[in-house]
Amino acid sequence: MKIVRTIRPLLLSVLALLCLSCSQKGRNDDKMIFHYNESAGIQTLDPAYSSGQSVIWACNHLYNGLVDLDDSMHIVPAIAKSWTISEDGRTYTFILRNDVSFHNTDFFPFKEKRLVKAQDFVYSFNRILDGEVASPGAWVFQKVQRKSDGSPCFEAVNDTVFRITLSEAFPPFLGILTMKYCSVVPKEVVDHYGKDFRNHPVGTGPFKFQLWQEGVKLVLRKNPDYFEKDEYGHSLPYLDAVAISFIVDKQSVFMEFMKGSIDFMSGVEACYKDALLTKDGKLNPEYKDNITLLTGPYLNTEYLGFMLKDKGDNNPLLNKKVRQAINYGFDRDKMMKFLRNNVGYAGTAGFIPRGMAAFNPNRVKGYDYNPEKAAALLAEAGYPHGKGLPPISVAVSANYADLCQYIQHELSQIGIDLRLDVTQGAQQREMMRSYQLPFFRGSWICDYPDAENYLALFYSKNLQPTGSNYTHYVNKTFDKLYEASQRCTDDEKRNDYYIRMDSLLMADAPVVVLYYDKVVRFTRKEVTGLGINPINMLDLTKVKIGR
């Protein structure tokens, strides 16, 4: 059934805004309001703290940076209309648009249009590195060169030329600049509101702040001065407003979606997985007239990790053949079909996930289901039919217990006694960091669109406590390839290094790749123009709601 999308004109009063955003009834003009829910809540609207999907999505509606990613993961212009990178890969020079302005809001009205200038990026990036701000995104500028006075090399050459100098070449850097931490903000507004900038956001994005009743409703409305146009020269965005609710109960969210009160859901929850999806991951034919299903690769690798630090305790997992036997010992395709409704792709290639340019299943051979080979490897390791092999414990959170129970059953058929240690997520992460878990479940969602972000987890100089090498994997050949890749500015050649490194990982088996995740989006049929991308960014700039 078609849902009519009409509301009364946007008013300034809170009451009118709440009515605008909370009710499907009483809409009697042609305004387009896009509704979605954030069960996890939104903690801030300050891009300096844009960690976690709910905050990143909200900041994506409100802010822009120098560059952005399109749905094919290509880096495209945003406020920077062009850029150059020096031959040594250290100096990035950006030419800015001269027609981008900050939002004019009721709580901070500018006397005249406030254009973005290069100095605004100097301020915004220095703010991320300010210890008093304590942004979790400070790491994104860790390779920026420091001047003699200790300040980072961010330079406003003039109003429209901005320059960054790195201490060493780092090819993924341009991709890092697409992160919402790197958004531009106006100094005068931040100075005025201080910590309250979190709920008085001023950016340059397609929508600007209107109302936030925390835990109830967030309303953003169209930015009439937004700088982007569509291919026909029409102003963007098309939507008049975005209304975000904060219903915690997932079943209630599903019901609101089915009623048409919510336009969009992301991901698959157990409470509605079997109602909306077939076992093959297709949309239930019952809903084909009312709902659109969008799916595609998600840059998230789900895995089990082995801790390879020798503590002198005769840990059998330090034996590569035992690790390889575990990898061969269960059917990933069956696991995905019956436990995940094929929401994801069986992890039978490398650690680099589908959706990355360096994902290459033809060259990187992972592990498929081969119980005969698993049994042979166990025998070669000195444990024929599992005889003499002590029970193996894997630390797992409750959300993934079903997958590990399946693996437990499969491995028992070849003589491996897998025990599940169900642990709270925060406790598990802390124990991973201190190398207390011989075997653990992990996942890695990319921070930026370069495979280095995945392979850095296995670089020996990233060992804990400061790095992210939770497996304590050390391989000199891998390290040499990693370092060579970071000196290579040619994307194709760098991807070749990544593929060779991924092949080494699979041979050494410091991990069991379970699956590569999948973005799953459900929308009402009236919604058009919503794309899908491997980082699951929500971009509403070109979305329309038909009538």
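Observations
- Subset tally (residues that are without any contact (Cβ under 8 Å) to a residue 60 or more places away in the chain and within 26 Å of Ala456 (Cβ to Cβ)) for the range 274-310: 1
- The number of residues in the range 250-273 that are closer than 20 Å to Glu214 by Cα and in contact (Cβ under 8 Å) with a residue 40 or more places away in the chain comes to 5.
Yes or no, residue by residue, for (1) among the hydroxyl-bearing types (Ser, Thr, Tyr); (2) farther than 30 Å from Asn341 by Cβ; (3) out of contact with any Ser or Thr (no Cβ under 8 Å at 6 or more places or on another chain):
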{"residue": "Tyr516", "(1), (2), (3)": "yes, no, no"}
{"residue": "Val520", "(1), (2), (3)": "no, no, no"}
{"residue": "Thr523", "(1), (2), (3)": "yes, no, no"}
{"residue": "Gly529", "(1), (2), (3)": "no, no, yes"}
{"residue": "Ile532", "(1), (2), (3)": "no, no, no"}
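- Count of residues meeting criterion [of a type in the set (A, V, I, L, M, F, W, C) and either assigned to a helix (DSSP H, G or I) or at pLDDT below 95 (or both)] in the range 177-194: 3
- If you go through the range 351-365 and keep only what is of a type in the set (Gly, Ala, Ser) and buried (at least 21 other Cβ atoms within 10 Å of the Cβ), you end up with Gly355, Ala358.
- Taking strands (runs of 3 or more DSSP E) as the structural unit, those lying wholly within the range 49-115 and holding at least 2 residues that are under 26 Å from Lys187 (Cβ atoms) and not small (Gly, Ala, Ser) correspond to 67-69, 80-85, 91-96.
- A single member of Arg433, Arg441 is surrounded by 14 or more Cβ atoms within 10 Å (Cβ to Cβ), under 22 Å from the mean Cα position of the chain (by Cα), more than 29 Å from Glu168 (Cβ to Cβ) and not polar (S, T, N, Q), and it is Arg441.
- Verdict on Trp83 being at pLDDT 95 or above, on the phi < 0 side of the Ramachandran plot and within 16 Å of the chain's Cα centre (by Cα): no
- Ser235 being among the polar types (S, T, N, Q) and farther than 26 Å from Cys446 by Cβ: yes
- Of all residues making up the range 403-420, the number that are over 16 Å from Glu302 (Cβ atoms), surrounded by 14 or more Cβ atoms within 10 Å (Cβ to Cβ) and out of contact with any helix residue (DSSP H, G or I) (no Cβ under 6 Å at 6 or more places or on another chain): 3
- Listed by first and then second residue, the pairs with beta-carbon distance under 6 Å, at least 6 apart or on different chains, first residue in the range 408-422 and β-branched (Val, Ile, Thr), second part of a loop (DSSP other than H, G, I, E, B), are Ile414/Gly329.
- Residue among Tyr367, Tyr400 that alone is under 23 Å from Asp517 (Cβ atoms), in contact with a helix residue (DSSP H, G or I) (Cβ under 8 Å, 6 or more places away or on another chain) and in the same structural domain as Asp496 (by TED's automatic domain parsing): Tyr367
- Test for Gly425: is it among the small types (Gly, Ala, Ser), over 21 Å from Asp331 (Cβ atoms) and in contact with a Ser or Thr (Cβ under 6 Å, 6 or more places away or on another chain): yes
- Within the range 141-187, being surrounded by 14 or more Cβ atoms within 10 Å (Cβ to Cβ) and free of Cβ contacts under 8 Å to residues at least 60 places away in the same chain holds for Phe141, Lys143, Val144, Gln145, Pro152, Cys153, Phe154, Glu155, Ala156.
- One residue alone among Ile499, Ile445 is hydrophobic (A, V, I, L, M, F, W, C), at pLDDT below 95 and under 23 Å from Leu299 (Cα atoms), and that residue is Ile445.
Here is a yes/no grid of residues against (1) surrounded by 21 or more Cβ atoms within 10 Å (Cβ to Cβ); (2) farther than 22 Å from Gly281 by Cα; (3) not β-branched (Val, Ile, Thr); (4) not assigned by TED's automatic domain parsing to the domain that holds Tyr482:
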| site | (1), (2), (3), (4) |
| --- | --- |
| Arg500 | no, yes, yes, no |
| Leu505 | yes, yes, yes, no |
| Asp508 | no, yes, yes, no |
| Val511 | yes, yes, no, no |
| Pro534 | yes, no, yes, yes |
| Met537 | no, no, yes, yes |
| Val543 | yes, yes, no, yes |
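The values are calculated or read from the model by the stated rules, or taken from the named source; none is laboratory data. Predicted, not measured: the structure shown is a model, and the values here were computed from it. Using ideal geometry, Cβ is built from the backbone for each residue, glycine included, and neighbour counts are taken over all protein chains shown.
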